[in-house]
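A.B. asks: There's a structure below that I have some questions on.
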Amino acid sequence: MSLNLEEKKAIVAEVSAQVANAQAIIIAEYRGMEVGHMTQLRAKTRESGIYFRVIKNSLVRRAIAGTPYAELAKHMVGPLVYGISADPVAAAKVLHEFSKNNEKFVIKVGAMGEHVMSRDEITALAALPSREELLAKLLGTMQAPIAKFVQTLNEVPARFVRGLAMVRDNK
């Protein structure tokens with residue numbers, strides 16, 4: 001099925017809009033994958049807020065021209081699927097987890113801004129905790145000194161009350 005010029009322009013504009021807000025782009029090859037597996041992956045990416053689509057390489061090359069992701073153009077060969085995300089860890093996690101269970105889905109390359117990432121770097125990125133986990137850890141770290149201070153302040157009257165209770169019990 002070939003696209004007419006207007007459809008191609010619409011796809012390039014759509015991808016350009018996604019790339020403008022992207023923190024990461026991950027490119028994977030899906031040669032020989034079953035439709036059911038691809039449908040499962042699409043559902044997972046949709047849940048994570050990742051723009052995930054099979055697009056002609058020439059259209060993506062036009063969309064990323066003049067952006068920090070322009071270096072990816074030389075890696076666009078073969079049947080590829082593109083994962084574009086505003087959260088780089090989410091995209092890496094979802095696609096890496098899927099590639100572990102499906103040997104026909106192979107992550108080729110990715111990029112964060114002008115930095116082109118290899119498969120190993122994407123694996124390392126996928127191992128990082130998610131944004132929510134990092135925020136929870138940060139909040140816990142920020143809250144710990146305050147909680148300890150309140151606990152210390154509370155210990156003075158609590159000791160006094162325990163001392164009075166011991167005196168009362170002895171009499």
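The values are calculated or read from the model by the stated rules, or taken from the named source; none is laboratory data. Because the structure is predicted, anything quoted here is derived from the model rather than measured. Note that we place each Cβ from the backbone using ideal geometry, even for glycine, and neighbour counts take in every protein chain shown.
A.B. asks: Quickly run through segment 76-88 and pick out the residues that are within 12 Å of the chain's Cα centre (by Cα) and either among the charged types (D, E, K, R) or buried (at least 20 other Cβ atoms within 10 Å of the Cβ) (or both).
C.D. replies: Initially, segment 76-88 is screened for residues within 12 Å of the chain's Cα centre (by Cα), giving 83-88.
Residues satisfying the conditions are G83, I84, S85, D87, P88.
A.B. asks: Out of the residues in segment 91-106 that are over 9 Å from the mean Cα position of the chain (by Cα) and of a type in the set (K, R), state the one that is farthest from S130 (Cα to Cα).
C.D. replies: Restricting to residues being over 9 Å from the mean Cα position of the chain (by Cα) and of a type in the set (K, R), the top hit is K104.
A.B. asks: Any residue at all in segment 150-163 that is within 17 Å of the chain's Cα centre (by Cα) and either outside the structural domain of M38 (by TED's automatic domain parsing) or surrounded by 12 or more Cβ atoms within 10 Å (Cβ to Cβ) (or both)? Even if it seems obvious, please write down each step before you answer.
C.D. replies: The initial filter retains those residues of segment 150-163 that are within 17 Å of the chain's Cα centre (by Cα), namely none.
No, there is no match, as no residue in segment 150-163 is within 17 Å of the chain's Cα centre (by Cα) and either outside the structural domain of M38 (by TED's automatic domain parsing) or surrounded by 12 or more Cβ atoms within 10 Å (Cβ to Cβ) (or both).
A.B. asks: Also, quick follow-up: Out of A43, A17, A73, A65, which single residue is modelled with pLDDT of 90 or more, of a type in the set (A, V, I, L, M) and either over 13 Å from the mean Cα position of the chain (by Cα) or assigned by TED's automatic domain parsing to the domain that holds L134 (or both)? Explain how you work it out, then say what you get.
C.D. replies: On the way: A17 fails: modelled with pLDDT of 90 or more; A73 fails: modelled with pLDDT of 90 or more; A65 fails: modelled with pLDDT of 90 or more.
It is A43.
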